[in-house]
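Quick notes on the structure that follows.
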Amino acid sequence: MPSKLNWLLQNTAPGMLILQSWLTKNGISPSLARKYTHSNWLQKCRAGVYVRAGREPQWSDAVFCLQNQLELPVRLAGLTSLSWQGRAHYLSMAQQTIWLGVEEKASLPKWFKTFPGVEWKLITNQKLNDYDEKNLIHVEINGERLMASASELAAYEVAGAVPGMLSFEHAAELFQGLVNLNPRKVEALLASSRSVQTNRLYLFLAEHYGHSWAKRIDKTRINLGTGKRQIIPGGKLDKAYQITVPGAFAIEGAAYG
């Protein structure tokens, strides 16, 4: 078997998305890639994008391609990250919603944005001053190792998505299962956050469910701001964190419009 074809088969797997720019970098020219399509080793998806023959590519293949061929600073985030860590019930749907953490200046290619069967939910975490690699982990999906937000960061992304992308109740359900977060990581994360509302909701939900790690956080390091924040219109005002929450979550709360 020719050495370049041998390299291709050793470094890719069926269903994997493959960019011509990556092939060229590794010595496989466009003309040679076209030859491999004629031999049914590759299938052309669109200009400059192939898939290794053998199965249909999935959304995880698209993310893997961004992370490993384009080397873009993207990761699985929020609900998706928690789901693949086994911390949330993952619903299989024809149209999947995938949360993706993206650095503000990262430019996503058109083929990725229009990947079929997927709705990408992009999160930038613009209000985090310090982005620590300790908040990142790897999860394995379809035999591929994908970068993802660690549970502490994913929980922050969930809290920051309320109520726009995620309901209060859904976020609360996720927080209920977060019984073993690292308090030092949570404290450092929230200390670097400029989002007063997200900080308050994160701590409120942690304390609502009586998580032991929440008691070990030094809240004096965290910006909790002043004044009230309306998270739920017409909800009850939680006196401790001055945020409006659904009535079922309020303790001696007062109506707040």
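The values are calculated or read from the model by the stated rules, or taken from the named source; none is laboratory data. None of the values given here were measured: they were computed from a predicted structure. Please note: Cβ atoms are built from the backbone with ideal geometry, for glycine as well, and neighbour counts cover all protein chains shown.
Of everything in the stretch 108-131 that's basic (K, R) and closer than 25 Å to A150 by Cβ, which residue is surrounded by the most Cβ atoms within 10 Å (Cβ to Cβ)?
Going through the stretch 108-131, the residues basic (K, R) turn out to be 110, 113, 121, 127.
Filter once more, so that each one left must be closer than 25 Å to A150 by Cβ: 121, 127.
On the way: K121: 18, K127: 16.
Top of the filtered list is K121.
Please work out which one of (1) surrounded by 13 or more Cβ atoms within 10 Å (Cβ to Cβ); (2) more than 21 Å from A188 (Cα to Cα) is the condition K134 fails and give its number.
(2)
From the residues in the stretch 45-59 that are within 17 Å of K4 (Cα to Cα) and not aliphatic (A, V, I, L, M), which one is surrounded by the fewest Cβ atoms within 10 Å (Cβ to Cβ)? Give the steps one after another, and end with the answer.
Filtering the stretch 45-59 for residues within 17 Å of K4 (Cα to Cα) gives 50-53.
Among the residues that remain, those that are also not aliphatic (A, V, I, L, M) are: 50, 52.
On the way: Y50: 24, R52: 21.
For the stretch 45-59, the residue satisfying everything is R52.
For the stretch 46-59, name all the residues that are in a strand (DSSP E or B) and in contact with a helix residue (DSSP H, G or I) (Cβ under 7 Å, 6 or more places away or on another chain). Walk me through how you get there before you give the answer.
Residues of the stretch 46-59 that are in a strand (DSSP E or B), as a first pass: 46, 49-52.
Within the stretch 46-59, R46, V49, Y50 meet the criteria.
Only one of (1) surrounded by 14 or more Cβ atoms within 10 Å (Cβ to Cβ); (2) touching a Ser or Thr at 6+ places or on another chain (Cβ under 9 Å) is not met by P30, so which one is it?
Single failed check for P30: (1).
To keep it simple, each residue is scored yes or no on (1) surrounded by fewer than 19 Cβ atoms within 10 Å (Cβ to Cβ); (2) in a helix (DSSP H, G or I); (3) touching a residue at least 24 places away in the same chain (Cβ under 8 Å).
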residue	(1), (2), (3)
Q43	yes, no, no
D61	no, yes, yes
C65	no, yes, yes
L70	yes, no, yes
S81	no, yes, yes
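Any residue at all in the stretch 9-18 that's surrounded by fewer than 16 Cβ atoms within 10 Å (Cβ to Cβ), part of a loop (DSSP other than H, G, I, E, B) and outside the structural domain of L72 (by TED's automatic domain parsing)? Full working, then the answer.
Step one: of the stretch 9-18, the residues surrounded by fewer than 16 Cβ atoms within 10 Å (Cβ to Cβ) are 9-11, 13-14.
Applying the additional criterion that residues be part of a loop (DSSP other than H, G, I, E, B) yields 13-14.
Applying the additional criterion that residues be outside the structural domain of L72 (by TED's automatic domain parsing) yields 13-14.
Scanning the stretch 9-18 turns up at least one residue that is surrounded by fewer than 16 Cβ atoms within 10 Å (Cβ to Cβ), part of a loop (DSSP other than H, G, I, E, B) and outside the structural domain of L72 (by TED's automatic domain parsing).
Regarding L100, is this residue of a type outside the set (S, T, N, Q), at pLDDT 90 or above, under 10 Å from the mean Cα position of the chain (by Cα) and within 25 Å of A13 (Cβ to Cβ)?
Working: of a type outside the set (S, T, N, Q): yes; at pLDDT 90 or above: yes; under 10 Å from the mean Cα position of the chain (by Cα): yes; within 25 Å of A13 (Cβ to Cβ): yes.
So L100 passes the test.
Determine whether the stretch 240-249 contains at least one residue that is modelled with pLDDT under 95 and touching a strand residue (DSSP E or B) at 6+ places or on another chain (Cβ under 8 Å).
Yes - at least one qualifying residue is present in the stretch 240-249.
Given the conditions (1) in contact (Cβ under 8 Å) with a residue 24 or more places away in the chain; (2) surrounded by fewer than 17 Cβ atoms within 10 Å (Cβ to Cβ); (3) assigned by TED's automatic domain parsing to the domain that holds F175; (4) basic (K, R), and given that R75 satisfies all but one, which numbered condition is not satisfied?
If we test R75 against (1) in contact (Cβ under 8 Å) with a residue 24 or more places away in the chain; (2) surrounded by fewer than 17 Cβ atoms within 10 Å (Cβ to Cβ); (3) assigned by TED's automatic domain parsing to the domain that holds F175; (4) basic (K, R), just (2) comes out false.
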